[in-house]
Structure formats: C-alpha cells, structure tokens
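The values are calculated or read from the model by the stated rules, or taken from the named source; none is laboratory data. Here the structure is a predicted model, which is why all the values come from computation and not from measurement. Note that each Cβ is placed from the backbone with ideal geometry, even for glycine, and that neighbours are counted across all protein chains shown. When the accessible area is computed, the model is the full protein with side chains, heavy atoms only, and any ligands, DNA or RNA have been set aside. Shrake-Rupley method; radii C 1.70, N 1.55, O 1.52, S 1.80 Å.
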Amino acid sequence: MEMKKRISLELRNKTPAEVAELVVDNCRSSDGEIEGLTDEFKELEFLSMVNVGLTSLAKLPTLPKLRKLELSDNNISGSLETLAEKCANLIYLNLSGNKIKELSTLEALQNLKNLKSLDLFNCEITTLEDYRESIFELLPQVTYLDGFDAEDNEAPDSEADDDDDDDEDGEEGAGQLGDYEEEEEEEEEGSEGGEVGLSYLMKEDIQDEEDDGDYVEEEEEEEGEEEADVRGEKRKRVAEDEGEDDDEDDD
C-alpha cells in the first residue's frame with residue numbers, strides 16, 4: 001500500500017490536527033520520499049515509519065511536538081539536518097538498519113538539544129573502532145545509545161514500568177479483596193458465635209426447666225411422704241383406740 005493512502009486510512013475520520021500518534025510501518029514510498037504527511041499534523045508526538053523504503057527525509061514536514069520517531073529498516077544514508085530543523089523537540093530517534101556509515105553523518109543531530117536516546121543497530125557505523133565512545137563524545141546530550149548509557153546501564157523500559165505499575169495495582173486490589181474476605185470471615189464467625197451463644201442459652205433454659213421439674217418432683221415426693229406419715233399416724237391411733245375398746249369389753 002502506498003504511504004499516502006495508508007496515512008489517510010490511519011486518520012480514521014479524524015483531522016490531521018487531532019492525531020497524536022501515527023504508525024505507517026511496512027507501507028511503500030514510491031520514490032523514497034515521505035508522502036501524505038503535512039504540516040497539519042501539528043499535534044503529532046509519535047511517528048513510526050519502519051520499513052517503508054525511505055532514502056531521504058527532505059520532505060519531512062514541521063512537527064513541533066514530535067518526541068519519538070521510528071525510522072528503522074529504511075535506506076537513509078544522510079540528510080539528517082532536516083530532523084533538527086523540523087523536529088526540534090525530538091527525544092527518541094531510531095535509525096537502526098539504515099545506511100549510516102560515518103560519524104560525520106550524525107553531526108547534524110547535535111542541534112537536537114532534547115535528544116536522549118539514539119538507536120543505530122545494524123548500521124555500518126557500529127563497526128567503527130570506539131564507536132560508542134565516539135557517539136557519546138559527538139552527541140553529549142544523548143544518554144542512551146542502542147539501549148545503554150555510557151556506563152553500560154540499560155535504558156528503562158517504559159512498557160516494563162507500566163507492567164510493574166499494573167502488578168502493584170493488582171497487589172493493592174488483592175489486598176483490598178483480602179481485607180473484604182477477612183471481614184466476611186469475621187462476620188461469619190461472629191454469626192456462628194451468635195448461633196452458638198443462642199443455642200447455649202436455650203440449652204441452659206431447658207436445663208433450668210428440667211432442674212425445676214426435678215425440684216417439683218422432689219417436693220411432691222416429700223409431700224407424699226408426709227401425707228403417708230400422717231395416714232400412718234392415723235391408722236396407728238385408730239388401732240390403739242380399737243384396742244382400748246376391746247379391753248373395756250373384756251372387763
């Protein structure tokens with residue numbers, strides 16, 4: 001697909017002034033020049049033109065807000081002056097897999113005062129003796145070359161940082177969920193404790209009733225014994241009276 005057509009498709013009913021990111025990788029530049037990209041893309045912050053057959057950046061429009069530019073796997077060998085003129089706020093530039101051979105080609109990047117990261121993987125320039133030291137000396141504003149600083153410390157991966165943030169959020173969410181589950185468990189234990197307490201009280205009431213019943217039965221037994229004693233006394237008196245009557249008759 002031609003670059004111009006691809007750019008129009010990527011707009012997706014937006015105006016160029018509304019686009020902040022534009023990716024047109026693997027489309028085709030008919031003459032090795034940038035096509036379909038104009039000064040109207042004034043809000044563009046990220047532009048990726050990987051493997052599109054570019055040989056020149058001469059037709060790059062002015063992109064005042066562009067911060068990240070991907071140009072890997074093209075045939076660019078020079079004309080980098082355009083970058084400093086048209087993309088003054090560039091921070092990240094990827095030129096890996098291009099035809100850059102000499103340090104002098106990169107001198108134009110000295111005017112990119114905000115440039116912090118530069119990639120030149122698979123460019124012939126990387127075979128030069130003292131390649132890294134020379135680049136850092138030529139471009140003192142650059143912190144990371146091919147993903148590493150002058151002390152061989154790896155550049156931070158923004159995607160990895162995002163993943164770490166997600167993990168932290170996930171742990172936080174898990175913590176909140178854990179707290180919620182603990183509260184539920186405490187509530188369940190409390191309700192179980194309430195049930196146990198209730199049943200225990202009911203059991204005590206039942207026991208009290210049984211005890212009361214036993215007490216009533218004991219009282220009844222005692223009353224029965226007393227009544228039996230009274231009856232026994234009455235019988236004894238009657239028998240004595242009858243004995244006395246018999247004695248009198250014998251007389």
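Key figures
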item	result
Filter result (in a helix (DSSP H, G or I), surrounded by fewer than 18 Cβ atoms within 10 Å (Cβ to Cβ) and hydrophobic (A, V, I, L, M, F, W, C)) within the range 90-135	Leu103, Ala108
Every residue from the range 58-86 that is open to solvent by 40 Å² or more (accessible area, probe 1.4 Å) and of a type outside the set (Gly, Ala, Ser)	Lys59, Thr62, Pro64, Lys65, Arg67, Lys68, Asp73, Asn75, Glu81, Glu85, Lys86
Top-ranked residue of the range 8-35 - restricted to ones that are among the small types (Gly, Ala, Ser) and under 21 Å from Asn94 (Cα atoms), ranked as most open to solvent (accessible area, probe 1.4 Å)	Ala20
Long-range neighbours under 8 Å by Cβ, at least six apart or interchain, first residue part of a loop (DSSP other than H, G, I, E, B) within the range 67-83, second of a type in the set (Lys, Arg)	Asn75/Lys99; Ile76/Lys99; Ser77/Lys99; Ser77/Lys101
Qualifying residues in the range 136-162 (those that are surrounded by fewer than 11 Cβ atoms within 10 Å (Cβ to Cβ) and part of a helix (DSSP H, G or I)) - the one modelled with the highest pLDDT	Ser158
